[in-house]
Amino acid sequence: MKFKILVFLLVTILFFSSCQKNRTNEKNKPTQEVSLLVPTYMESPIKEWVYFVQANHPNFKFQIVSMNDDNFHSDTTFRDFDLIFTAENIKDNKYKYVNIASEAIVCVVSFDNPFLQSIINRGISPDDLKKIFNKPNFYYWKDFFQADSKMNEKISIVLPSDRYVLLNQLKNWLQIDTLLINTQTTDTILNLLKNQKNLLTFLPSSVVYNLDTKYRKDFLYIIPLDLNNDNWISDDEYLYDNIMILGQAVLNKKIDTSLILNYKMIYSIDNPLKDSLINLLNNKQNINKNIFEKFGYFAY
């Protein structure tokens, strides 16, 4: 028994000694200042992530700069930063990236929409969405859905002005000219959904759920997409009342990939800090997916 206790104490001492040595080694490394560009709407989770990384790697000192992502341009803005956090698709071979997290682009209406039951049963097809968004303020709800209500209003469409990558992906997916469509900030649209029954919009999934309950916010409804255009929602065309169900669909690519925003950390292959950044980002423990999930994103 005494022998086992001595062995246990020895192993414990060696473990803590190793941890202390690792921490000492981290502190003794030269300080590396890293400039990090992030979209304004991602500033909170990134600040928390940076705090976590610096606690474990005190030699890294991050300087965070946030701006609207419509100002993110790989040939100009990117070269001024060591790391860029964005959902933008990068085709320039001067840059490499590591995937961090994702969210979905979801189609949303007011929960008080009189046609809601028909919307739930039928969903909405990409073909119908193309019609609606290519002719703003032209179609009526009754053109696509049925209801006992005598509501005879046009479909009022709006898109978030502060989500450039989302707008760009929708533009390509629906083949629409987003310049012709009314835009408001994401927060403004969420407030409009509380009072405007005839509203139709697309929003990032991170903002449409109550992150405490994991269920959609009670004043809105996420429209299921009828991807096979048969005017009915089948088992594989999910109802996403719960963020956990949507997260599984996103990570398993069960929804159209054009409706997934993939956030990544990007760095230049010419950056002298490249090797340090690669080592940092390729260690999954440094990503800490709990931070991103706390803010409604789906982490890898």
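Brief remarks follow.
- Count - residues of the stretch 176-197 that are out of contact with any strand residue (DSSP E or B) (no Cβ under 9 Å at 6 or more places or on another chain), assigned to a loop (DSSP other than H, G, I, E, B) and not acidic (Asp, Glu): 1
- Those strands (runs of 3 or more DSSP E) of the stretch 62-175 in which at least 2 residues are over 25 Å from residue 280 (Cβ atoms) and in contact with a Phe, Trp or Tyr (Cβ under 9 Å, 6 or more places away or on another chain), considering only elements entirely within it, cover 95-110, 156-160.
- Scanning the stretch 269-284 for residues that are more than 22 Å from residue 250 (Cα to Cα) and either of a type in the set (Gly, Ala, Ser) or surrounded by fewer than 17 Cβ atoms within 10 Å (Cβ to Cβ) (or both) yields 269, 270, 272, 274, 275, 276, 278, 279, 283.
- Residue check, residue 58 in a loop (DSSP other than H, G, I, E, B), in the same structural domain as residue 197 (by TED's automatic domain parsing) and more than 18 Å from residue 300 (Cα to Cα): no
- Test: residue in the stretch 106-123 that is assigned by TED's automatic domain parsing to the domain that holds residue 284, hydroxyl-bearing (Ser, Thr, Tyr) and either more than 15 Å from the chain's Cα centre (by Cα) or on the phi < 0 side of the Ramachandran plot (or both): no
- Scope the stretch 244-259; condition hydrophobic (A, V, I, L, M, F, W, C), farther than 19 Å from residue 228 by Cβ and surrounded by 19 or more Cβ atoms within 10 Å (Cβ to Cβ); matching residues: 246, 250
- In the stretch 162-206, the residues that are surrounded by fewer than 18 Cβ atoms within 10 Å (Cβ to Cβ) and either among the hydroxyl-bearing types (Ser, Thr, Tyr) or within 14 Å of residue 69 (Cβ to Cβ) (or both): 168, 178, 183, 185, 188
The values are calculated or read from the model by the stated rules, or taken from the named source; none is laboratory data. No experiment lies behind these values; they were computed from the predicted model shown. Don't worry about glycine lacking a Cβ; one is built from the backbone with ideal geometry, like all the others, and counts go over all protein chains shown.
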